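**Student:** Please read through the structure below; I'll follow up with questions.
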Amino acid sequence: MTIVGLGEALFDLFPDRQVLGGAPLNVAVHAHQLAVGLGGRGVVVSRVGQDDLGHALMADVAGRGMTGEFVQADPDHPTGRVYVSFSDKGEPSYEIVKNVAWDWLQFDPDLEDLAVNCQAVCFGSLAQREAQSRNTIYRFLTAARNAVRLFDVNLRQHYFDRQVLERSCELATAVKLNDQELPIVLRTLGLAAPTTSGGSGGDVEGMTRAILKRFSHLKLVALTRGAQGTVIQTLTEKIEDQPVSYPMADGADAVGAGDACSAGLLVGLLLRWPLRRTLALSNHTGAYVASQPGATPKLPGMILEMVKGSTSKA
């Protein structure tokens, strides 16, 4: 079970600390924690600068027992950085530095081999902001035709358009997005418009089904709703469970919670679990990360026990 996080690898810079980040990297880190006991692994595919942050990122990845062989070293561009701030309600916002190493991710024989042999890959829209990385991502996804391909929408600032969303959905087998992003995606694709200013109203089931109908090869849409938990929608059923919560640690933030959901989703899909069991794992991983500071905390034994003893059929 090889689960790839494809795209941006960076550091989230908080007012008081710096934390390893980037949605695909976060997914790979959590997938690795969940899968390593089954003989699986999470793999980061990205590019960092030959600078202090790049060295720190590589050391952090290695310290988690993960391979860094698919993290390219860029001699000309710095390691990615994102400045994170929070609203009064604790919701994160991001200032994303431009023209950094992951914008220049190169497709090479090593990446092609990994794409052909991986079982799942998670990718997003942010890493497609430059043509170089965008083309690399599309070539990787095309080569990974036998893998589960999760498009984690992660809309950031102005770094998306209709072409990116359409092509990403075309190359994916599943889509994950949040309730704020759902109406924006539908409006951008010309499928629907939000019915309320917050994007939380309207026929959510109809909106997710509209994506599935527009891209007929998609098997499911996963919608994250913060403290209300995640919903999985297919053309034939809607799977919903009771929200999960964990005690809040000092300095807890919501950064990376959706990425943890993605990791749980991918592991459950690869293990061919019923969707309800997959949803439970996704909800638990996301809720736990939301209760901790930073995007990639160590997952507790209770969550790891949820996959212990499972046999991968991927």
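**Student:** Sort out which residues of region 53-107 are modelled with pLDDT under 95, among the β-branched types (Val, Ile, Thr) and over 13 Å from residue 25 (Cβ atoms), and write them in order of number.
**Tutor:** Listed by number, the residues that qualify are 84, 96, 97.
**Student:** Among the residues of region 1-54, which ones are closer than 19 Å to residue 78 by Cβ, surrounded by fewer than 22 Cβ atoms within 10 Å (Cβ to Cβ) and among the β-branched types (Val, Ile, Thr)?
**Tutor:** 19 - this is the single residue of region 1-54 that is closer than 19 Å to residue 78 by Cβ, surrounded by fewer than 22 Cβ atoms within 10 Å (Cβ to Cβ) and among the β-branched types (Val, Ile, Thr).
**Student:** Moving on to the next point. Is it the case, given these coordinates, that residue 154 is out of contact with any Asp or Glu (no Cβ under 9 Å at 6 or more places or on another chain), polar (S, T, N, Q) and assigned to a loop (DSSP other than H, G, I, E, B)?
**Tutor:** Answer is no for this residue.
**Student:** Check off (1) of a type in the set (Val, Ile, Thr); (2) more than 26 Å from residue 186 (Cβ to Cβ); (3) part of a strand (DSSP E or B) for residue 121 and give me the number that stays unchecked.
**Tutor:** Tallying (1) of a type in the set (Val, Ile, Thr); (2) more than 26 Å from residue 186 (Cβ to Cβ); (3) part of a strand (DSSP E or B), residue 121 fails exactly one: (2).
**Student:** Only one of these is closer than 22 Å to residue 23 by Cβ and either among the polar types (S, T, N, Q) or at pLDDT 90 or above (or both): 251, 268. Name it. Walk me through how you get there before you give the answer.
**Tutor:** On the way: 251 fails: either among the polar types (S, T, N, Q) or at pLDDT 90 or above (or both).
Of 251, 268, the one residue that is closer than 22 Å to residue 23 by Cβ and either among the polar types (S, T, N, Q) or at pLDDT 90 or above (or both) is 268.
**Student:** Look through region 268-284, keep the residues that are among the hydrophobic types (A, V, I, L, M, F, W, C) and within 11 Å of residue 306 (Cα to Cα), and return whichever of them is surrounded by the most Cβ atoms within 10 Å (Cβ to Cβ). Talk me through it step by step, then tell me what you get.
**Tutor:** Taking region 268-284 first, the residues among the hydrophobic types (A, V, I, L, M, F, W, C) are 269-271, 273, 275, 279-281.
Keeping just the survivors that are within 11 Å of residue 306 (Cα to Cα) gives 280-281.
Values: 280: 21, 281: 23.
By that ranking, first place goes to 281.
**Student:** Mind listing whichever residues of region 124-151 are assigned to a helix (DSSP H, G or I), more than 22 Å from residue 11 (Cβ to Cβ) and of a type in the set (A, V, I, L, M, F, W, C)?
**Tutor:** So the first thing to find is which residues in region 124-151 are assigned to a helix (DSSP H, G or I), and the list is 126-128, 131-143.
Next cut, more than 22 Å from residue 11 (Cβ to Cβ) only: 131, 134-135, 138-143.
Across region 124-151, the qualifying residues are 131, 140, 141, 143.
**Student:** State which residue pairs qualify: first residue farther than 16 Å from residue 165 by Cβ and touching a residue at least 40 places away in the same chain (Cβ under 8 Å) and inside region 209-222, second residue assigned to a loop (DSSP other than H, G, I, E, B) and not small (Gly, Ala, Ser) in any location, beta carbons under 7 Å apart, and separation of 6 or more residues or different chains.
**Tutor:** Here the result reads 219/173; 219/234; 220/234, each pair linking region 209-222 to a residue that is assigned to a loop (DSSP other than H, G, I, E, B) and not small (Gly, Ala, Ser).
**Student:** Starting from residues that are within 12 Å of residue 226 (Cα to Cα) and either at pLDDT 85 or above or out of contact with any helix residue (DSSP H, G or I) (no Cβ under 9 Å at 6 or more places or on another chain) (or both), keep the ones in region 236-248 and report whichever is surrounded by the fewest Cβ atoms within 10 Å (Cβ to Cβ).
**Tutor:** Filtering region 236-248 for residues within 12 Å of residue 226 (Cα to Cα) gives 243-245.
Still in the list and also either at pLDDT 85 or above or out of contact with any helix residue (DSSP H, G or I) (no Cβ under 9 Å at 6 or more places or on another chain) (or both): 244-245.
Numbers: 244: 18, 245: 13.
Looking at the filtered set, the residue picked out is 245.
**Student:** Among all residue pairs at least 6 apart or on different chains, which show Cβ distances below 8 Å where the first residue, located in region 269-297, is without any contact (Cβ under 8 Å) to a residue 24 or more places away in the chain and the second is among the aromatic types (Phe, Trp, Tyr) and assigned to a helix (DSSP H, G or I)?
**Tutor:** 297/288
**Student:** Grab the strands (runs of 3 or more DSSP E) fully contained in region 1-103, keeping just those with 1 or more residues being more than 17 Å from residue 292 (Cα to Cα).
**Tutor:** Passing ranges, in order: 2-6, 10-13, 41-49, 71-74, 80-86, 92-96.
**Student:** Another one. Could you figure out which of (1) surrounded by 14 or more Cβ atoms within 10 Å (Cβ to Cβ); (2) of a type outside the set (Asp, Glu); (3) at pLDDT below 95 isn't true of residue 190?
**Tutor:** That leaves (1) as the condition not met.
**Student:** Here's a follow-up. For region 104-112, state whether one or more residues are part of a helix (DSSP H, G or I) and either in contact with a His (Cβ under 6 Å, 6 or more places away or on another chain) or within 22 Å of residue 13 (Cβ to Cβ) (or both).
**Tutor:** So far as region 104-112 goes, yes, one or more of its residues are part of a helix (DSSP H, G or I) and either in contact with a His (Cβ under 6 Å, 6 or more places away or on another chain) or within 22 Å of residue 13 (Cβ to Cβ) (or both).
**Student:** Identify the residue in region 125-168 that is of a type in the set (Gly, Ala, Ser) and touching a residue at least 12 places away in the same chain (Cβ under 8 Å) and, among all such residues, is surrounded by the most Cβ atoms within 10 Å (Cβ to Cβ). Reasoning before the result, please.
**Tutor:** In the first step, residues of region 125-168 are kept if they are of a type in the set (Gly, Ala, Ser); the result is 125, 127, 131, 133, 143-144, 147, 168.
Checking which are touching a residue at least 12 places away in the same chain (Cβ under 8 Å) leaves us with 125, 127, 133, 143-144, 147, 168.
Values: 125: 25, 127: 27, 133: 24, 143: 19, 144: 24, 147: 23, 168: 24.
The extreme case among them is 127.
**Student:** Here's something else I'd like to know. What number of residues within region 217-248 are of a type in the set (Ser, Thr, Tyr) and within 30 Å of residue 19 (Cα to Cα)?
**Tutor:** Within region 217-248, the subset of a type in the set (Ser, Thr, Tyr) is 224, 230, 234, 236, 245-246.
Right, trim to within 30 Å of residue 19 (Cα to Cα) and you get 224, 230, 245-246.
Within region 217-248, residues that are of a type in the set (Ser, Thr, Tyr) and within 30 Å of residue 19 (Cα to Cα) number 4.
**Student:** Looking at (1) touching a Lys or Arg at 6+ places or on another chain (Cβ under 7 Å); (2) over 24 Å from residue 286 (Cα atoms), find the lone condition where residue 47 falls short.
**Tutor:** Here residue 47 clears every test but (1).
**Student:** Could you please let me know if residue 66 is in contact (Cβ under 8 Å) with a residue 12 or more places away in the chain, within 22 Å of residue 258 (Cβ to Cβ) and not acidic (Asp, Glu)? So that I can check it myself, show each step before the final result.
**Tutor:** Values: in contact (Cβ under 8 Å) with a residue 12 or more places away in the chain: yes; within 22 Å of residue 258 (Cβ to Cβ): yes; not acidic (Asp, Glu): yes.
In short, yes.
**Student:** Does at least one position in region 115-127 carry a residue that is modelled with pLDDT of 95 or more, more than 27 Å from residue 182 (Cβ to Cβ) and over 19 Å from the mean Cα position of the chain (by Cα)?
**Tutor:** Within region 115-127, one or more residues are modelled with pLDDT of 95 or more, more than 27 Å from residue 182 (Cβ to Cβ) and over 19 Å from the mean Cα position of the chain (by Cα).
The values are calculated or read from the model by the stated rules, or taken from the named source; none is laboratory data. Since this is a predicted model, take the numbers as computed values, not measurements. Cβ: placed from backbone, ideal geometry, glycine included. Neighbour counts: every protein chain shown.
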